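Below you will find the structure I want to go over with you.
The values are calculated or read from the model by the stated rules, or taken from the named source; none is laboratory data. Not measured: the values here are computed from a predicted model. Note that each Cβ is placed from the backbone with ideal geometry, even for glycine, and that neighbours are counted across all protein chains shown.
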Amino acid sequence: MTPRLFLWLFLAGLSMHCSCLRSHRPTRIFILSSPEPLPSEYVAKIGKVSLPAYLQRWELVSRLGEQEIRIHNFAQWGQLLSEEIKRYLQQSFSLYANETSQLNGQEAKVPVLDFVFQRFEGNNAGIFTVKGYCRLKLTNTEKHLPFAYTFSYVPDDEEALIKAHEEALRRLNTIIQAGLLQP
């Protein structure tokens, strides 16, 4: 082995060793806070929560442009976002897994709410967008409640993005409860 080849192999090995020692910031894991109880006489069970495929991941995602998303490599959900949304909404509607409710002393079927989201994301311009519909199913009745809204948030860090998700769900809860009370 020539001294020159030995030097190259030594430097390559040293370079690989040093790159392995480089530290990365630790991954932060987020969950949504429990919702504040809203005054409502409406009780419902949350069924399916459907999100676009690019949101079906552990990492937090935000939109950079119409065709581009950013994956936050060092920030992820404690469980998939669809499950976080379902848990949050179920707590909002204050029903814990039973299929019936007491209304005026009589047992009544509880409606099931399915949520289909086309958008549920923040962007780098500081706008959080929510768009989709809620499908109410009760016995032989089905009702669709569309929703679409935006609001501003500070896009600087992942914690602000989590707070924006919570604000989006608070607003969604208010919209759906108001829509369900209409005939």
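Those residues that are closer than 15 Å to Glu166 by Cα, of a type in the set (Gly, Ala, Ser) and more than 10 Å from the chain's Cα centre (by Cα), I need them from the range 69-92; list them, please.
Gly78, Ser92
Within the range 46-55, is there a residue that is closer than 14 Å to Phe30 by Cα and in a strand (DSSP E or B)?
no
Against the condition at pLDDT below 95 and in contact with a Gly (Cβ under 7 Å, 6 or more places away or on another chain), how does Leu113 come out, does it pass?
yes
Tell me, which residue of the range 109-148 that is among the hydroxyl-bearing types (Ser, Thr, Tyr) and assigned to a strand (DSSP E or B) is surrounded by the fewest Cβ atoms within 10 Å (Cβ to Cβ)?
Step by step, filter the range 109-148, then rank; the result is Thr141.
Here is a list of conditions, (1) crowded, with 16+ Cβ neighbours inside 10 Å; (2) free of Cβ contacts under 8 Å to residues at least 12 places away in the same chain, and Leu172 meets all of them except one; can you say which number that is?
Every listed condition holds for Leu172 apart from (2).
So which residues in the range 149-158 are outside any strand (DSSP E or B) and without any contact (Cβ under 8 Å) to a residue 40 or more places away in the chain, if there are any at all?
Tyr153, Val154, Asp156, Asp157
Residue-wise test of (1) loosely packed, with under 12 Cβ neighbours inside 10 Å; (2) in a loop (DSSP other than H, G, I, E, B); (3) at pLDDT 80 or above.
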| residue | (1), (2), (3) |
| --- | --- |
| Leu14 | yes, no, no |
| His17 | yes, no, no |
| His24 | yes, yes, no |
| Glu36 | yes, yes, no |
| Tyr42 | no, yes, no |
| Arg63 | no, no, yes |
| Arg70 | no, no, yes |
| Lys86 | no, no, yes |
